[in-house]
Every structure is written in structure tokens, then in C-alpha cells.
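Engineer: Okay, handing you the structure first.
The values are calculated or read from the model by the stated rules, or taken from the named source; none is laboratory data. What you see is a predicted model, and the numbers here were worked out from it, not measured in a lab. Here the Cβ is made from the backbone with ideal geometry for all residues, glycine too, and neighbour counts use every protein chain on show. To get the accessible areas, we keep the full protein, side chains included, count just its heavy atoms, and leave off ligands, DNA and RNA. Shrake-Rupley method; radii C 1.70, N 1.55, O 1.52, S 1.80 Å.
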Amino acid sequence: MTVRPTARLHATDASFLPSPSFPGSSDQYLTFAFETTGTSVDPLDTVRDLVRRRTSGIDLFHCTVVPSPLGLDHPQWVRTTHDAERRVGAATTEPLAWDRAQDELARLMATRLDPEEATWHLHVLPVVTGVPGSSGTATIVVLQICHALTDGRGAGVMARTLFGPAGERPTVPAVRVLHRRPGPARAVAADGARMIGRGLQGASTAVRFTFPSRRATTEDTPDPPARHPVSFASVPPALDRAARILVIPVERLRRPGRTVTLTALAAVSIAMEEAARRRSAGVSTPDRTAPSPTAPTAPPSMAAHVTVALPDDAPWGARNKFLPAMVDLGIGKHDVADRLDLIATSLAAGRRRALHPAILRRYETGNVVPRPIMRAFGPTPRPPSDSVLAHTSFSSVHRGPANLSLGEAPVLFTAGFPALSLASSLSHGVYTIGDTATMSVLWSPGSLPDMDGYVDLLGDALSTVTA
């Protein structure tokens with residue numbers, strides 16, 4: 001069953017809007033590298049032309065949010081127009097080496113969109129040398145999208161709409177928008193009525209679920225995810241960002257009996273455990289030659305916050321159609337096979353919990369709580385004290401066949417960067433297109449200094465897992 005979309009933001013989508021409780025960005029940054037060697041592509045003009053020709057008439061590209069007067073309700077989507085000149089910009093005009101380009105990507109990830117003005121933007125790095133897989137020069141394009149607008153799957157469809165083959169017509173997620181901004185008096189009356197209506201609906205829903213909940217047994221209700229001791233990454237991020245991308249063949253990650261997600265998670269677990277050991281021993285993370293202490297000084301357990309996509313028939317009204325799974329990273333399992341087995345078991349359990357009807361119902365029930373009540377009595381995000389549900393965010397996304405292009409410039413690879421949170425200043429992602437995969441790392445140098453060598457640890461861990 002699909003919940004009928006409305007112009008009002010679902011509570012889940014509204015949670016991704018900029019918030020004073022977290023000054024960082026929750027935007028998505030879909031990153032694509034295109035091979036421009038030997039082509040006559042003008043990157044900026046080509047991207048602007050694609051925006052003009054391919055986004056016309058698609059509501060997902062033509063909406064912003066209009067806030068509710070007096071904060072009576074969540075904002076609503078309203079139709080807007082855009083100018084390709086304003087939606088596309090050069091992040092820099094000078095040629096960059098690959099390392100410098102990754103620094104520029106990190107700078108972009110320290111920015112966030114104002115969804116009242118724009119819900120997406122294209123940043124172009126026109127000339128980059130030394131890009132993995134390129135024989136000369138490449139262009140990097142970043143599609144920045146407000147996460148309230150859509151999830152990773154919808155963002156991938158937006159990218160395919162822009163850069164896919166001319167004859168391909170991706171199915172863009174349906175949206176409902178207001179055709180014009182309501183006047184203040186009308187908006188106050190409508191939002192006030194909705195607030196009262198949702199209050200009554202919430203009370204009715206609570207009563208309706210009371211008796212089934214009382215009859216439910218322990219087996220009917222998923223256990224809450226385990227908490228774990230804090231680690232080196234369990235600190236709120238500063239406003240700065242650093243980013244690195246490892247480009248690897250998909251076949252390296254996809255082994256018999258293993259998915260890309262499982263292999264990547266195992267590499268993350270080994271790298272984070274080693275980083276925790278080195279920091280506990282006072283060894284700088286970049287020093288790869290320094291011996292690890294013999295005593296296990298990493299936390300006894302660590303976990304990853306992994307996004308789980310919901311099936312199309314899930315009773316879900318939000319545009320962001322996913323829930324989190326907390327996955328045990330198998331810290332202390334010295335045998336790689338044992339670590340992989342534990343992670344696989346925990347990932348399967350996390351997915352079952354995320355898809356459990358009681359969990360889905362809980363999130364949908366929260367959507368009918370009036371916004372003033374949610375703001376007054378809902379949980380306030382706080383930095384971790386002594387325990388956390390997860391130490392890093394992790395996302396795994398497949399972006400389809402490698403038939404994207406920027407004019408005549410074919411795609412080399414794609415990447416992405418899960419957002420940081422108050423509970424973690426480190427995130428990981430694995431993204432595939434065609435036969436090429438990337439593993440990305442994002443962190444805040446202001447909160448986690450001396451992390452450059454962590455990427456080397458992750459590369460070493462990847463070699464260990466795939467040996």
C-alpha cells in the first residue's frame with residue numbers, strides 16, 4: 001500500500017530540513033566524473049543545456065518549500081521556476097589535480113542549500129587531472145540535493161534524467177506541489193485546521209493501536225538496537241569537511257556469497273578498529289608503519305548506521321523511503337570469515353527490524369503528531385555522552401549501468417558522501433555504476449584531526465577483506 005502524497009512535507013522528510021540543533025548539512029552530494037580527454041565538451045555550457053532541455057515539466061526539479069506561518073505545521077512544497085544559469089555554477093575555474101579536486105569536493109560538502117530558495121544545485125569542476133581511470137583530463141560534476149526532496153533512489157533518477165542516454169526516460173518519483181504560495185491569512189487558517197485535524201487523527205490512531213499493542217508478545221515486537229561505548233569518531237563535527245574517494249573494480253567487492261555492501265562494511269570495520277587502537281595508544285593515524293599495541297584497546301564493540309531501502313509497497317508517505325539499521329561491525333573478530341559472518345547476520349537482523357510492521361507503523365504514526373507538539377515534547381538531538389547506537393554512517397547505492405555522459409564525455413565513476421551527525425564525525429559510502437565502484441570517506445578535520453592516514457587504513461583493510 002502506498003500512502004497518497006500531499007504537498008505538506010511528511011515528518012520524516014521535514015527532519016532533513018536545516019535545523020539550528022545541527023548546523024551541518026544533510027544534503028546529498030551525487031558526484032560524477034566524466035572523461036573529457038580528446039573531446040570538445042564545454043562542461044558548464046553542456047550542463048546548463050541539459051538542465052534546460054531535460055528538467056522542463058518535471059515537478060521534482062521545480063519545487064521549493066514554503067514554511068507554515070507561526071510554525072503551525074510542517075512546510076509545504078510549492079511550484080517554482082529555475083534559471084539554468086543560477087542552478088549551475090563552476091566550483092572553480094582553474095585546473096585542479098585530483099587531490100586538490102577532492103579538497104574542493106569537501107568544501108562543497110560544508111555548504112547546504114536553503115530549500116526555500118532552491119532544492120538542488122549543480123557544481124562543476126571543469127578540468128581535473130589525475131582522476132582515476134582518466135587518460136588525461138576529466139570533469140567532476142556534483143549534484144547537490146536537499147535530502148527533504150528525495151532519497152538516494154530518487155536522487156539517482158534525477159541524475160539519470162540529466163546525464164542518461166537521450167532516449168532513456170527514467171521514471172521520476174511523483175510529487176504533489178502547490179501551484180502558488182498561499183496568502184498569510186489563508187495559510188494560517190489551513191494550517192491551523194490541519195493541526196487540529198492531525199491532533200484528532202493522532203489520538204484516534206493511538207487508541208486504535210493500544211489494544212493490539214497490549215496483546216503483542218515479545219516475539220511480535222523487535223528488540224531495540226544495542227548501544228555501544230563511544231569511540232574516537234563519536235564527537236559532534238565542526239563545520240569543516242574533508243573527503244577522499246577510492247576507485248576500485250566492482251568485481252573486487254562482489255565475491256561468491258558476498259555482496260558489495262557486506263565486503264565494504266567489513267573493510268570499514270577493520271579500518272575503524274585499527275584507527276581506534278592507534279588513537280588509544282597515542283599513535284598518529286597517518287603513521288602506517290607504527291606497530292599496533294598488543295593489547296586490544298579498541299572499544300569492545302562498534303556499529304554502523306546503515307540505510308535500508310523500503311519496498312515499493314510499504315505503507316509509507318515520505319519521499320525518503322528508507323529506515324536505519326544498526327549493524328554490529330564484529331570488532332575483535334580476527335578471522336575475516338568470522339567477521340563477515342557476524343556482520344552479515346547483524347545486517348540481516350537490522351533489515352528485518354527496519355521492515356517490521358510495528359516499526360513502520362511507529363514512524364507513520366509520528367507523522368500525524370501536530371508539529372507544535374512534536375517540537376515541544378519530541379526528543380532533542382544531543383551529542384553522545386557514554387554510549388551510541390552507531391559510530392559511523394554507511395550507505396550503499398547502485399546507480400545503474402555506466403551509460404551516463406556529459407555530452408560526448410562518458411562517465412568514469414560515481415561517488416557520494418553520507419552526512420555526518422551529532423553522534424559521529426565520520427561517514428562511509430560505497431557507490432557503483434557499471435563495473436566501477438567507489439568507497440568514499442567524509443570527516444570533519446576540526447573534530448577528527450590527523451585523519452588523512454585513515455584512508456590508507458581503509459585501503460589496507462579492503463585488501464585484507466578481498467584477498
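Engineer: For region 311-467, what is the convex hull volume of its Cα atoms per residue in Å³?
Structural biologist: Each residue corresponds to 202 Å³ of Cα convex hull volume.
Engineer: Turning to a different aspect of this structure: Please list, ordered by chain and number, the residues whose modelled amide H lies under 5 Å from the amide H of G400; skip anything fewer than 5 residues away on the same chain.
Structural biologist: Distant-sequence amide H within range of G400: G434.
Engineer: In nm², what is the average projected area of the convex hull enclosing the Cα atoms of region 311-398?
Structural biologist: Answer in nm², one decimal: 8.3.
Engineer: So what J values fall out for region 367-373 if you push phi through Karplus, 6.51 cos²θ - 1.76 cosθ + 1.60 with θ = phi - 60°, rounded to Hz, Gly and Pro as x?
Structural biologist: Karplus-based 3J(HN,Hα) across region 367-373 equals 5, 8, 6, x, 4, x, 5 Hz.
Engineer: Apply the a/c threshold of 1.5 to the C-alpha gyration tensor of region 322-368 and tell me whether it is rounded, prolate or oblate.
Structural biologist: prolate
Engineer: Would you mind checking the radius of gyration and Dmax of region 130-171 based on alpha-carbon positions, in Å?
Structural biologist: Spelled out, the Cα radius of gyration and Dmax of region 130-171 are 13.3, 38 Å.
Engineer: Can you run phi through the Karplus equation (6.51, -1.76, 1.60; θ = phi - 60°) for region 326-336 and list ³J(HN,Hα) in whole Hz, with x for Gly and Pro?
Structural biologist: These are the phi-based 3J(HN,Hα) values: 8, 10, 5, 8, x, 4, x, 7, 6, 7, 4 Hz.
Engineer: Per-residue counts of other Cβ atoms within 10 Å, averaged by peptide: what ranking do you get for 226-238, 330-342, 111-123, highest first?
Structural biologist: 226-238, 111-123, 330-342
Engineer: Using the Kirkwood radius over C-alpha pairs as Rh, can you work out the diffusion coefficient of the chain via Stokes-Einstein at 10 °C, viscosity 1.306 mPa s, in µm² per second? Let's see the in-between values first.
Structural biologist: Values: Rh = 23.5 Å.
For the chosen part, D equals 68 µm²/s.
Engineer: What's the extension gain from R252 to D456 if we count 0.36 nm per residue and subtract their Cα-Cα distance?
Structural biologist: Taking R252 through D456 to full extension adds about 71.7 nm, to one decimal.
Engineer: Turning to a different aspect of this structure: Could you work out the helix-only [θ] at 222 nm for the chain, with each DSSP H run of four or more residues adding -39,500 (n - 2.57) and the total divided by the number of residues, to the nearest 500 deg cm²/dmol? All intermediate terms of the calculation are to be shown ahead of the outcome.
Structural biologist: On the way: 12 runs with 152 residues, N = 467.
That calculation yields -10000 deg cm²/dmol at 222 nm.
Engineer: Residue by residue through region 40-53, which ³J(HN,Hα) values in whole Hz follow from phi under the Karplus form 6.51 cos²θ - 1.76 cosθ + 1.60 (θ = phi - 60°), with glycine and proline marked x?
Structural biologist: For region 40-53, the Karplus-derived couplings read 10, 5, 9, x, 5, 4, 5, 5, 5, 5, 5, 4, 5, 7 Hz, x marking Gly and Pro.
Engineer: Return the long-range amide H neighbours of L329 (sequence gap of 5 or more, or a different chain), with a cut-off of under 5 Å between placed amide H atoms.
Structural biologist: M302, A303, A304
Engineer: log10 I(q)/I(0), Debye, Cα-only region 1-125, no solvent, q = 0.20 Å⁻¹?
Structural biologist: -1.27
Engineer: 5 Å is the cut-off here: which amide hydrogens, built 1.01 Å from N in the peptide plane, fall below it relative to W120, excluding neighbours closer than 5 in sequence?
Structural biologist: Placed amide hydrogens put C146 under 5 Å from W120.
Engineer: What part of the accessible area of the chain, given as a whole %, is carbon or sulfur when the probe is 1.4 angstrom?
Structural biologist: 55 percent
Engineer: Per residue, what accessible area does the chain have, given a 1.4 Å probe and all protein chains present, in Å²?
Structural biologist: Averaged over the residues of the chain, the accessible area is 44 Å².
Engineer: On the principal axes of its Cα set, how long, how wide and how thick is region 428-467? Give whole Å, largest value first.
Structural biologist: Extents along the principal axes, in whole Å: 35, 23, 10.
Engineer: Could you size up the charge dipole of the chain around its Cα centre, putting +1 on the beta carbon of Lys and Arg and -1 on that of Asp and Glu, and report it in debye to the nearest 20?
Structural biologist: Around 1820 debye, computed over the chain.
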